[in-house]
């Protein structure tokens with residue numbers, strides 16, 4: 001039985017890696033597991049309960065190392081505790097170097113999606129690979145007051161970078177809806193991504209380059225009408241899960257980690273073509289731009305249907321995508337009680 005866990009990784013609320021360790025701290029302790037945190041870096045805001053777990057002295061029986069799969073040497077060898085690697089990857093296949101590292105240093109592995117699980121196993125990982133380790137703080141998404149606005153709003157939140165398909169999302173929106181005054185597309189990035197790298201031609205495409213506290217970010221998303229991310233490769237993409245928790249219908253590439261939560265019930269999966277990933281092994285996706293533009297027009301013209309998909313996603317998030325529930329499932333899997 002798991003009693004004491006040491007989490008090693010980033011800590012902070014404005015980037016996915018840091019959010020994961022805040023969530024795991026909360027979720028494990030809600031399930032009766034004591035947590036200590038050894039942070040690799042600190043950024044953004046950190047809740048008091050997580051901050052107080054930094055350097056906590058515990059006779060831990062499990063160490064969770066969070067990072068890329070070829071960075072797991074810190075788990076060591078011949079340790080008296082269980083060594084768990086918590087990994088993410090952005091293409092369909094990890095490297096042989098990464099697979100060898102996991103086989104040598106990890107006893108079990110957690111990834112956020114079946115997409116990543118397959119990428120590890122196909123590369124030759126021999127250890128047990130468990131899916132989980134990403135959720136939302138569902139109470140933060142309840143009873144959000146939506147403001148009156150005069151435009152239908154599509155939104156993207158996350159790191160503005162090529163892998164997220166930001167330019168494709170902008171260009172497709174401009175072709176489909178750029179001439180309309182009653183709709184807008186707002187791209188919200190942070191200091192991790194440069195919005196100045198992207199070309200905008202239409203006045204109804206807005207770029208927001210600012211760090212938001214978590215509460216302000218949730219309010220910002222909740223006051224949109226639909227979420228867009230044409231990701232070419234993601235192990236999960238937490239921004240999409242957060243948008244679903246806000247009640248937004250999702251318009252996302254039907255590839256990779258986002259398929260864990262983006263489906264016909266929660267939104268509009270976008271068709272894609274497989275493309276070789278030139279900086280990682282395996283494949284990523286090239287979104288079908290014609291299907292994307294058709295989908296934008298469909299959502300714009302069928303707002304009630306889109307709203308119902310968003311409402312379904314909100315309810316599913318409240319029932320399933322909660323950190324306490326996620327960690328309960330993780331504990332059962334780590335202890336071999338998930339049969």
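The values are calculated or read from the model by the stated rules, or taken from the named source; none is laboratory data. Quantities reported herein were computed from a predicted structural model and do not represent experimental measurements. We place every Cβ from the backbone using ideal geometry, glycine too, and count neighbours over all the protein chains shown.
Check off (1) crowded, with 21+ Cβ neighbours inside 10 Å; (2) within 30 Å of residue 61 (Cβ to Cβ); (3) free of Cβ contacts under 8 Å to residues at least 24 places away in the same chain for residue 262 and give me the number that stays unchecked.
(2)
Taking only the range 303-339 into account, find how many residues are within 19 Å of residue 113 (Cβ to Cβ), modelled with pLDDT under 95 and not in a helix (DSSP H, G or I).
Qualifying residue count for the region: 1.
Does the range 154-175 hold any residues that are closer than 24 Å to residue 247 by Cβ and surrounded by fewer than 19 Cβ atoms within 10 Å (Cβ to Cβ), and which are they?
The answer is 159, and nothing else.
Restricting attention to the range 91-110, report how many residues are in contact with a strand residue (DSSP E or B) (Cβ under 7 Å, 6 or more places away or on another chain) and within 20 Å of residue 40 (Cβ to Cβ).
5
Please specify each residue of the range 176-206 satisfying the condition of being crowded, with 16+ Cβ neighbours inside 10 Å and in contact (Cβ under 8 Å) with a residue 40 or more places away in the chain.
If the condition is that a residue be crowded, with 16+ Cβ neighbours inside 10 Å and in contact (Cβ under 8 Å) with a residue 40 or more places away in the chain, then 176, 177, 183, 185, 190, 204 are the ones that fit.
Within the range 244-256, does at least one residue satisfy the condition of being modelled with pLDDT of 95 or more and either in a helix (DSSP H, G or I) or not assigned by TED's automatic domain parsing to the domain that holds residue 172 (or both)?
There is at least one residue in the range 244-256 that is modelled with pLDDT of 95 or more and either in a helix (DSSP H, G or I) or not assigned by TED's automatic domain parsing to the domain that holds residue 172 (or both).
Can you pull out the residues in the range 110-124 that are in contact with a helix residue (DSSP H, G or I) (Cβ under 6 Å, 6 or more places away or on another chain) and outside any loop (DSSP other than H, G, I, E, B)?
Hits for the range 110-124 are 111, 115.
Starting from residues that are over 21 Å from residue 89 (Cα atoms) and touching a helix residue (DSSP H, G or I) at 6+ places or on another chain (Cβ under 7 Å), keep the ones in the range 272-308 and report whichever is surrounded by the fewest Cβ atoms within 10 Å (Cβ to Cβ).
297
Taking residue 318 as meeting all but one of (1) under 30 Å from residue 123 (Cα atoms); (2) in contact (Cβ under 8 Å) with a residue 12 or more places away in the chain, write down the number of the exception.
If we test residue 318 against (1) under 30 Å from residue 123 (Cα atoms); (2) in contact (Cβ under 8 Å) with a residue 12 or more places away in the chain, just (1) comes out false.
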